[in-house]
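Read the structure below first, then the notes.
The values are calculated or read from the model by the stated rules, or taken from the named source; none is laboratory data. From a predicted model like this one, the values you see are computed outputs, not experimental measurements. Note that each Cβ is placed from the backbone with ideal geometry, even for glycine, and that neighbours are counted across all protein chains shown.
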Amino acid sequence: MKNRLYPILLATMMCCSSCEKVLDYEGTVEDISVGSMVINAVAIVDSPLRVYLTQAVRADQANVRRYVDFYTAMHNNDPFFGGYQSNDYLQNTAISTAQVEVQVNGQVTYPMTFSEKSNRYECTYIPQEGDHLVVTAKNGGIQTDVVVMESETLTAEVTVPEKPYIEIVNHEVLDENPYKYMNGLEFETDSIMRLTLRIKDTGGENYYRLRVRGIGMGYSIGGGPDPAGSSKTYWSSHPYYKIQDIFFSDDELFLDSRLTTNFGGWPAFFSNVFNNQKIQKGDHTIIIDSPKVPYSPPFGNWMTSNDILDDSHLNDIEHIPTQVMVELQAITEDYYRFLKSVELYRITNTDANSEAIHIHGNAENGWGILGAMNYDRHIIGFDK
């Protein structure tokens, strides 16, 4: 009897889901030949296009990073998209010698260059609403640490969706946090921001992801001898951001009956990825709660035994209030289906005898996803 092999695709950090591809395979698992190319990329409006290109590996052998929603991003200049840059898996499987290019609207073609720093292909093209993209990757037949790869060409295409619209109808800070201890996470503070939001849908078949991100900002300060040679202590500060992506709502828009287990702080049966089937009359009003991420005072202060402690410099550090970012993302259908399959995969027992999960993709002659995203973003200060 044929065994059915379901290749598993890793979701990127941005970070980051038409038919499922099923490879009919005769023989034992040990005979599986791996090494085909896998693409992971999301074209985001007004952000340079970046493409991850890796080798396909068996799911039980992939040293993948798990999806993380709650983390601290230290010394990071981009609190909205940055943080959690663990690249061990990419370093082991990234394909760096392929010829990659993107064709835009059937007219202009941009070559993409591999970056050793980010383990991905980059170019100068910046996606815009309505652009149709075709990404082509040719490996030319190369030998990697995993397998000798035969010459092949992977292609994937996508059209950037229209900008969505979300309105902040009301917001208020409540001095009680019913979610302080939730699904293994501790939300540290006793207050939440309750937001009333209105999603304005344009009709047709639309697909969305709602991101409500709490951001706490502060400074890490270190002191030492003055580089100029004076007797004064030299102080330096570095911004850091503590970020959490988890929010709560009992609106049926976020109900997904397949997600029977909580994950990473998200409750069971909850998904922030949805379509517009439950949105009626062109708009939908929802109420959501976002736990506060605390502002942290300066820390890491140190001085030599000969220094005289002087805290006056702390008065020069401006208090930056914590914030909440509300971002409604319009995503393509393939990216929607990819994200839904990843949500199901990450709560599924990874035992070899468990039922395989289809990870949705839209690549031809390879595996993976090329999605696209447009967004409407609002930033709200948490201070009353």
| request: Could you grab me the full set of residues in the stretch 183-212 that are under 27 Å from M373 (Cβ atoms), outside any loop (DSSP other than H, G, I, E, B) and at pLDDT below 90? | output: L185
| query | Of all residues in the stretch 346-366 being surrounded by fewer than 22 Cβ atoms within 10 Å (Cβ to Cβ) and among the hydrophobic types (A, V, I, L, M, F, W, C), which is modelled with the highest pLDDT? | reply | I347
| request: Output the number of residues of the stretch 193-205 satisfying the condition of being in contact with a helix residue (DSSP H, G or I) (Cβ under 9 Å, 6 or more places away or on another chain) and crowded, with 18+ Cβ neighbours inside 10 Å. | output: 1
| field | Residue selected from the stretch 28-53 under the condition farther than 21 Å from S118 by Cβ and part of a loop (DSSP other than H, G, I, E, B), by the criterion modelled with the highest pLDDT | value | S36
| task | Filter the stretch 269-294 down to residues that are closer than 19 Å to F338 by Cα and among the hydrophobic types (A, V, I, L, M, F, W, C) and give me whichever is farthest from the chain's Cα centre (by Cα). | result | F269
| query | Counting residues that are modelled with pLDDT of 65 or more, which strands (runs of 3 or more DSSP E) fully inside the stretch 54-163 reach at least 3? | reply | 99-104, 108-115, 120-122, 132-138, 153-159
